[in-house]
1. Could you give me the residue pairs with C-beta distances under 8 Å whose first residue belongs to the range 27-51 and is more than 22 Å from residue 5 (Cβ to Cβ), whose second residue is exposed (fewer than 13 other Cβ atoms within 10 Å of the Cβ) wherever it lies, and which are 6+ apart or on separate chains?
2. Where in the range 18-68 are the strands (runs of 3 or more DSSP E), entirely inside, with at least 1 residues that are open to solvent by 60 Å² or more (accessible area, probe 1.4 Å) and touching a helix residue (DSSP H, G or I) at 6+ places or on another chain (Cβ under 8 Å)?
3. Among residues belonging to the range 74-85 that are surrounded by 18 or more Cβ atoms within 10 Å (Cβ to Cβ) and of a type in the set (A, V, I, L, M), point out the one that is farthest from residue 129 (Cα to Cα).
4. Considering only residues of the range 125-141 that are open to solvent by less than 70 Å² (accessible area, probe 1.4 Å) and within 12 Å of residue 96 (Cα to Cα), which is farthest from the chain's Cα centre (by Cα)?
5. Picking from 110, 61, 89, which residue would you name as being modelled with pLDDT of 90 or more, within 21 Å of the chain's Cα centre (by Cα), over 17 Å from residue 11 (Cα atoms) and hydroxyl-bearing (Ser, Thr, Tyr)?
6. Restricting to the range 91-115, name every residue that is under 15 Å from residue 81 (Cα atoms), touching a residue at least 24 places away in the same chain (Cβ under 8 Å) and either in contact with a Lys or Arg (Cβ under 7 Å, 6 or more places away or on another chain) or open to solvent by 50 Å² or more (accessible area, probe 1.4 Å) (or both).
7. Among the residues of the range 83-141, write down those that are closer than 21 Å to residue 49 by Cα, of a type in the set (A, V, I, L, M) and part of a helix (DSSP H, G or I).
8. For residues that are over 16 Å from the mean Cα position of the chain (by Cα) and part of a loop (DSSP other than H, G, I, E, B), scanning just the range 1-17, find the one that is surrounded by the most Cβ atoms within 10 Å (Cβ to Cβ).
Amino acid sequence: TVTKSGTGSGIVAASPGRLSWSGAVGSILYDYGTAVALTATPDADATFTGWSGGGCSSEATCNLTMDAAKSLVAGFRIILKGDINDSLTVDLADAILAMKIISGVILSGTVNQQADVNGDQKIGLAEVLYILQKVAGMRQN
């Protein structure tokens, strides 16, 4: 079985075969010794955080050999634009962190790069303005 968990969403596919889903739990039967690949694909507003159970890692594809019944959890986390400190909220702490990045006090590699608001793959002034507008209630998205 595979269970999807977390604040985000996505798809988990099996090869060979197709998982049968009931809510967040997918299942499929395999013969003993079958090599199986499970692939997790996050939705556009989420990221895949990794597998738990089954000896898999944070890679999107988990390769297994069915030598017993297996139960895995695929983790997905929502991506919030402007959430630079990865706290699952957009607040003044994010604006301060963005300003520190702009000024060179903090390297951008230590923050959530997926918080980018304008698609330039950088944390900069656009993110600071977005965060301040969001905190002030001037933005809904």
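1. Every condition considered, the pairs that remain are 30/17; 32/67; 33/65; 33/67; 34/16; 34/65; 35/65.
2. Filter on the range 18-68 gives an empty set.
3. Across the range 74-85, the extreme among qualifying residues is 74.
4. Out of the qualifying residues, it is 128.
5. Selected residue: 89, the only one of 110, 61, 89 that is modelled with pLDDT of 90 or more, within 21 Å of the chain's Cα centre (by Cα), over 17 Å from residue 11 (Cα atoms) and hydroxyl-bearing (Ser, Thr, Tyr).
6. Those that are under 15 Å from residue 81 (Cα atoms), touching a residue at least 24 places away in the same chain (Cβ under 8 Å) and either in contact with a Lys or Arg (Cβ under 7 Å, 6 or more places away or on another chain) or open to solvent by 50 Å² or more (accessible area, probe 1.4 Å) (or both): 91, 92, 114, 115.
7. The one that is closer than 21 Å to residue 49 by Cα, of a type in the set (A, V, I, L, M) and part of a helix (DSSP H, G or I): 115.
8. Filtering the range 1-17 for residues over 16 Å from the mean Cα position of the chain (by Cα) gives 1-2, 13-17.
With the extra rule that they be part of a loop (DSSP other than H, G, I, E, B), the set shrinks to 1, 16-17.
Numbers: 1: 14, 16: 10, 17: 12.
Looking at residues that are over 16 Å from the mean Cα position of the chain (by Cα) and part of a loop (DSSP other than H, G, I, E, B), I get 1.
The values are calculated or read from the model by the stated rules, or taken from the named source; none is laboratory data. Nothing here was measured: the structure is a model prediction, and the numbers come from that model. Cβ coordinates were reconstructed from backbone atoms using ideal geometry, including for glycine residues, and neighbour counts include every protein chain displayed. Ligands, DNA and RNA are excluded from the accessible area calculation, which covers all protein heavy atoms including side chains. Shrake-Rupley method; radii C 1.70, N 1.55, O 1.52, S 1.80 Å.
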